[in-house]
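Let me begin by presenting the structure, written as structure tokens, before commenting on it.
The values are calculated or read from the model by the stated rules, or taken from the named source; none is laboratory data. None of these values were measured; they are calculated from a predicted model. All Cβ positions, even for glycine, are placed from backbone atoms using ideal geometry, and neighbour counts span all protein chains on display.
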Amino acid sequence: MNILDTEVLQLLPGDAQMLQKILNVFLKSSEKLMVMMEEGVENSNMDQIAHAAHTLKSSSAMVGAMDLSELCQQIEAAMHDDECSRISVMVQQSRHARQLVESECHSLYLK
Amino acid sequence: MLIDDDPVSLLVMAESLQEVGFAVIESNDGHKGLTLFAEQHPALILVDLQMPGMDGYTFCKSVRSTPLGRDIPIVVVTGVDDVESIERAYDCGATDFIIKPIRWSIFRHRIQYILRSSNAMQSVQRSSNLLAEAQRVAKLGNWTWDLNEQKLFVSEESYRIFGVPKVDPGVFHKLLMSSVHKDDKKGFDIAVQKASDGEASDYAFLACLPNGESKNILMHLDGSAEHLKSGHRIFGTIQDITERRKAEESVRQLAYYDSITGLPNRDLFKEHLSMALHQAERSKEKIAVMFLDLDNFKRVNDSLGHEAGDVLLKAVSERLHESLRSSDLAARDVADMNSSLARLGGDEFTVMLSGLHGIEHVEMIAQRILERIAEPMMLSGNRVCVSSSIGIAIYPEDGEDLDTLLRNADAAMYEVKSQGRNGVFFYDNALRQQSHDRLELESELHTAIEQDQLTLFYQPKVDAETCQVLGFEALIRWIHPERGMVSPIDFIPVAEESGLILPMGAWVIKTACRQYQAWRKVTDTEFSVSVNLSAHQFADEHLMTTIRDILIETEMPAQFLEFEITETVLMQDADAAMKILDQMKVMGLRVSIDDFGTGYSSISYLKYFPADVLKIDREFVKDLPHDEQDATITNAIILLGKALNMGIVAEGVETESQLQWMRDKGCDQIQGYLFSPPVPPERAEKMLIDPFSLRHD
């Protein structure tokens, strides 16, 4: 399990205050992207899922949320195979993974 | 400027760059990015490839299509394994790429590097643009030729100068070589050779371009340039100096030509004269320098104004041109004549006539100029007559250098002025007289032919042993009503120069034939008449036709007509002479070689000339018999003639002892004052009827 890779976070530019800002921005934007994916699943809008997954994949990697990033990548890969049921499961897993990241962020950096 | 739809990416990248001092513009959308780009002119763009709305590829293309965005570095951000998208981004104009996940510690350095190399590129581009622009303005192209690889690098301006699209340098090389004008080819090759030997050289040549244009090209070649030491190369420039040449030409026009008349000015006239003097020195020709001054120009200027004065000067220059137009100067001795006109300033003009063989026509030309200028002209509604004064100096008689000639022509002109203007004066008056006399003689000679003032005298040729008259040599005489007898020495050259010699020569032949027929009626003895043929007659292609017509007309038996041709004339063109002599022999005519031994030695030709008689020149005879040398030569001529079965006539025999010497040596015929000078036909007739008595010591 790699919810939040602190080494990655340490390499980010800026001071502790900046790091908090980055994480806040991440939490906000990742929430938006999660909602987009979930909507996509509901409406069977694959393009929307694909785009959100792609962005969240790199965005979460940037802040060291490796599990989440990994899941997004799998969703992206599954798009090609058109496995709707699997994608739906993975989006739910992502939601969970993001929740873990958020709690981790709060307990570690955003007290 | 950063463009990414992911706020996290934007924030982190911005922070990373701001930390090292970059000012960052952010945009989460391509369209907005384009607007910001146009407004704020960032130095570098980082763009995410996958974005909703406008993606990174489209963004790249859009930026590149604007003038401002042509050279800006665009760095695309993409996933690690996405080679395909990197390639596509390049095609869309991306400069570089950065792979995610981004390593922040080197990110900012990457950006700094990219920015620096981009700046370097742009500055190279700028200076290369500047260079191209400078080359375009200077019409200067450069090229480098690698001698080892035989490869040519050519700058764009070089193509433009040659008026061709950018082609393969090899094609351009061929084009360059083939465009060099043939007169410049040799110099061009030498310049290239010099450069290959490591020297620098400049060469200007005329290039004939594929589009038919001609351009003056100045080429500089340098095989030694320090910065090209690494290889065996020639560095060169080509510059279009056509405009410069034109400018130089117009400067020359201003400096060397008179603005009112368009005639050469004093400086150019001096150049022309100086060149003509060099030429005349080699060719032994004469030059006439005329100074012409208008006699009443000042009056015209004062009364009608300067503008009218200028019109007058133009008219005078036009009239001078007309007077010198060579088509009107038909006479043969001005065939090679060149003329050059100039206005020295004020109302002074000069005329130079070069390539003259004689000066007979100079006065005529000057008179014609005088008359032409004196013709009335209309100036601002007024009928104006201007006369002129012309002074003439002749090279080499009146001066061998430019200044002397100009001074003397000027002096001669003042002589005219002092004698009442409107006239022509030669610097050397005696020369003028001579030229005048010659012209007068020519015109009188015309009259002489028309009025039968010419006549033939006859000198007998006598058998050396029997003293019987064997023939007569017909000799032309001019009995002038006022001057009396005019020597052929004086009028034959005039006849030759004026072309009168041909009709005159025909007249001589015809008259001699008629005389022969007249004499035949009073005597039964056989005799011949001989006629001299001059060089001009001998060179006349109609000679044989003329002779044939005369023989028919006068019913002259050809075997009694003899033509005397000097050895010198025969030898002028020995092969042509042989053909004419052959034709004469076919017609049955007799031929004698006159003045034998005085001209160019033709002994080897003698056996090929089908001549009947050798005439020993009086020069060898006059000091005989006591002059041993002359005796030896004369004896040899007689022996030679005998050996070739030719008759021998001794000319200029004046004494009994000369006659006796000739008899002893076996000479056949005698001509000379001992028997008779040339006499009129009536007296010659008496000699036929009443032969000379035998003279023996």
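Scanning the range B:408-432 for residues that are small (Gly, Ala, Ser), surrounded by fewer than 18 Cβ atoms within 10 Å (Cβ to Cβ) and either at pLDDT 85 or above or farther than 16 Å from B:Val289 by Cβ (or both) yields a count of 3. Taken over the range B:164-178, the criterion of being surrounded by 15 or more Cβ atoms within 10 Å (Cβ to Cβ) and over 22 Å from B:Arg233 (Cα atoms) is satisfied by B:Val164 alone.
Inspection of the range B:39-58 identifies at least one residue that is in contact with a Cys (Cβ under 7 Å, 6 or more places away or on another chain) and in a helix (DSSP H, G or I). Picking from residues in the range A:1-37 that are of a type in the set (S, T, N, Q) and at pLDDT 90 or above, the one that is surrounded by the most Cβ atoms within 10 Å (Cβ to Cβ) is A:Ser30.
For the range B:61-78, check the following and say yes or no: at least one residue is buried (at least 19 other Cβ atoms within 10 Å of the Cβ), more than 14 Å from chain A (Cβ to nearest Cβ), hydroxyl-bearing (Ser, Thr, Tyr) and touching a residue at least 12 places away in the same chain (Cβ under 8 Å). Checked against the condition, which is being buried (at least 19 other Cβ atoms within 10 Å of the Cβ), more than 14 Å from chain A (Cβ to nearest Cβ), hydroxyl-bearing (Ser, Thr, Tyr) and touching a residue at least 12 places away in the same chain (Cβ under 8 Å), the range B:61-78 yields no hits at all.
Check whether at least one residue in the range A:44-53 is in contact with a His (Cβ under 9 Å, 6 or more places away or on another chain), more than 9 Å from chain B (Cβ to nearest Cβ), at pLDDT below 95 and under 15 Å from A:Ile75 (Cα atoms), and report yes or no.
no
Taken over the range B:85-112, residues that are more than 14 Å from chain A (Cβ to nearest Cβ) and free of Cβ contacts under 8 Å to residues at least 24 places away in the same chain amount to 7. Restricting attention to the range B:241-284, the residues that are under 16 Å from the mean Cα position of the chain (by Cα) and not in a helix (DSSP H, G or I) total 0.
Total residues in the range B:135-160 satisfying the condition of being surrounded by 19 or more Cβ atoms within 10 Å (Cβ to Cβ) and closer than 19 Å to B:Ala195 by Cβ: the figure is 8.
When every residue of the range B:664-671 is checked against the conditions, at least one turns out to be of a type in the set (Lys, Arg) and assigned by TED's automatic domain parsing to the domain that holds B:Ala518.
Matching residues to (1) surrounded by 14 or more Cβ atoms within 10 Å (Cβ to Cβ); (2) part of a helix (DSSP H, G or I):
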| residue | (1), (2) |
| --- | --- |
| B:Ser530 | yes, no |
| B:His536 | yes, yes |
| B:Thr545 | no, yes |
| B:Glu564 | yes, no |
| B:Met571 | yes, yes |
| B:Lys579 | no, yes |
| B:Met584 | yes, yes |
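Please indicate, with yes or no, whether at least one residue in the range B:476-488 is outside any strand (DSSP E or B), in contact with a Phe, Trp or Tyr (Cβ under 6 Å, 6 or more places away or on another chain) and closer than 23 Å to B:Glu651 by Cα. There is no residue in the range B:476-488 that is outside any strand (DSSP E or B), in contact with a Phe, Trp or Tyr (Cβ under 6 Å, 6 or more places away or on another chain) and closer than 23 Å to B:Glu651 by Cα.
Summed over the range B:93-142, residues that are on the phi > 0 side of the Ramachandran plot and at pLDDT 90 or above total 1.
Residues that are in contact with a His (Cβ under 8 Å, 6 or more places away or on another chain) and either within 12 Å of chain A (Cβ to nearest Cβ) or of a type in the set (Val, Ile, Thr) (or both) were ranked within the range B:17-60; the one that is surrounded by the most Cβ atoms within 10 Å (Cβ to Cβ) is B:Gln50. Counting residues in the range B:437-457 that are farther than 16 Å from B:Pro503 by Cα, in a helix (DSSP H, G or I) and touching a Phe, Trp or Tyr at 6+ places or on another chain (Cβ under 6 Å) gives zero. Run down B:Ala14, B:Ala94 and say which single residue is assigned to a helix (DSSP H, G or I) and either over 26 Å from A:Ser69 (Cα atoms) or out of contact with any His (no Cβ under 7 Å at 6 or more places or on another chain) (or both). Matching residue, one of B:Ala14, B:Ala94: B:Ala14.
Go through the residues of the range A:11-18 one by one and say whether even a single one is within 10 Å of another protein chain (Cβ to nearest Cβ), of a type in the set (A, V, I, L, M, F, W, C) and more than 22 Å from B:Ile99 (Cα to Cα). Within the range A:11-18 (the criterion being within 10 Å of another protein chain (Cβ to nearest Cβ), of a type in the set (A, V, I, L, M, F, W, C) and more than 22 Å from B:Ile99 (Cα to Cα)), the answer is yes, since at least one residue qualifies.
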